[in-house]
1. Based on the Kirkwood radius over alpha-carbon pairs, what is the Stokes-Einstein translational diffusion coefficient of the stretch 262-310 at 25 °C with 0.890 mPa s viscosity, in µm²/s?
2. How much solvent-accessible surface does Cys271 expose, in Å² to the nearest 10, with a 1.4 Å probe and all protein chains in place?
3. Students often get this wrong, so check it: of Lys128/Lys200; Lys142/Lys245; Lys86/Lys128; Lys393/Lys449, which have C-alpha atoms separated by over 20 Å?
4. In what sequence, largest accessible area first, do His208, His145 appear using a 1.4 Å probe?
5. Determine how large the accessible area of Thr416 is when every protein chain is in place; take a 1.4 Å probe and give Å² rounded to the nearest 10.
6. Would you mind counting up the charge near Leu336? Only other residues with Cβ under 12 Å from its Cβ, with Lys and Arg at +1 and Asp and Glu at -1.
7. Scan around Arg310 for amide H atoms under 5 Å from its own, H built in the peptide plane at 1.01 Å from N, and keep only partners 5 or more places away or cross-chain.
8. Express the accessible area of the stretch 80-127 per residue in Å², computed with a 1.4 Å probe while the remaining protein chains stay in the model.
Amino acid sequence: MPKVISNLSKRQLRRKINQRVTKVLHCMRYNQAHQVVNSQVSFNSPSPCEVYNNFETISESSRCKRANELYDSSDILSGSEVDNLKERLKIWSVTNNISQIATSELLKLLQAHKCFENFPLDSRALLKTVRSFKYRTVKPGKYVHLGFDIGLQTVIQKLNFIPDEIGVLINIDGIPVSKSSKSEFWPILCCLESGDAAKKPFCVGVYHGGGKPEDQNDFLKDFVAEVKALERHGYSYHGVVIKFKVKGFICDAPARAFITCTKYHSGFSSCSKCTQTGERYENRVVFSSKVVTKRSQQSFLQQNDEDHHRGTTILTEINVDLVNDVPFEFMHLICLGVVRKLLNLWVNGKPKYMKFSGLTITNLSRDLVKQRYLTPGDFNRKPRSLVELPRWKATEFRQFVLYTGPVVLQDKIPQTYLNHFNSLHLAVFILSNNDLIRKHGSYANTLLKGEIDRSLKSAVDSPSGTKFTQAQQRRKHAILQVHS
């Protein structure tokens, strides 16, 4: 005896409906249904509502005959309407990340109707998935160059006007395919420098192999050749020639050193902005806060600092400043750099004299968890406890330094630490907004320099800082003896 519908919970009702729909779809998929579910729900008041399941056997010929009776020839779509609907269905599938299996199931359901009898049965036929690419060998893998044309055309279509000049930002980085192999991708991504369409990058080229490319110039050869042609002739869009310029390369430190063919971030002459030489301390290279001599595009091309270069990069052939147009990026420098280091010092205590008490860490974690219920949907992630600090993502560190940090740290930590964090928060907040940069950019620079000097002073006054100062003095003394 089936349950009365009024006694079913929402979960049980959803399960029954899901089972019924799944059974119907299964029957329609193979076109061999011997039984089709025909549910009837009776609402005879005042008696309780009951659900009765009636099963009606319908043959294939009768089902087709009934469909032909319902729809005459005037309901059949024309060729242009079918092509238009295919294109819209393709865009819907790609835009909403619909799986190929679900798309294929939908196509099989649609083809049961006479209007869609010319539709393909498989998602690969609808999406026209490319099975082969023209690639070339870039040791130890292969490289496919897709080009700028399709991506720029799509981006310009989303704009309300045709710009006089297109400025693009380039990102290059490695992506591991899995943790169980060395296979990885190195895509070359591009997006507009400004505008709403700039939020969606497109791919210019992709490398795949069992490790990163051995020769960065061979990897970037096709990219540089197309950029040179676009800079010389411009980009033609519906007969209008638009100027083209690469505004910069946004990469993390290893990728930045890879494409510019300079020393990696652990080298002594690895700073890409000045000629300062680092010092080795506790198995890492550290730099002082003083800028020795700033690098320039001319000094980079002439390779005046031989210790900084590992060779000559092919990017010197395009019109881009490889010193000023290859900036330090915000995610690794601030979010995964300064903010994560600061929180690790407070929570894990290396060195121990900077660690907070267990009660302070517990109170901060409790307040962060409370913020979960007050955080709007504009943020990708909700705040988490400091217990899960090793698993925090860059967006969580960004949210902490810009929004939740100044709130939860108030009256919880020593005033010196709070002033230090608030200076970082204010400087980063100013530098995150173009309007604030124009108005208060110099003040943000002053805040950062002041906090760096205070941090260095407190580090030197600490026990470990004294050891570092003594080691630095011994190193300078040894260098003077060698020169003398």
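The values are calculated or read from the model by the stated rules, or taken from the named source; none is laboratory data. As the structure is a computational prediction, the values presented were derived from the model and not from experiment. So basically every Cβ, Gly included, is an ideal-geometry build from the backbone, and we count neighbours across all protein chains shown. Just the protein is used for accessible areas: all its heavy atoms, side chains included, with ligands, DNA and RNA removed. Shrake-Rupley method; radii C 1.70, N 1.55, O 1.52, S 1.80 Å.
1. Rounded to a whole number, D works out at 220 µm²/s.
2. 30
3. Lys128/Lys200; Lys142/Lys245; Lys393/Lys449
4. The residues order as His208, His145, largest area first.
5. Estimated to the nearest 10 Å², Thr416 gives 100 Å².
6. Cβ neighbours under 12 Å give a net charge of +1.
7. When sequence neighbours closer than 5 places are left aside, the close amide H contacts are Thr262, Lys263.
8. Spelled out: the 1.4 Å probe surface of the stretch 80-127, per residue, equals 63 Å².
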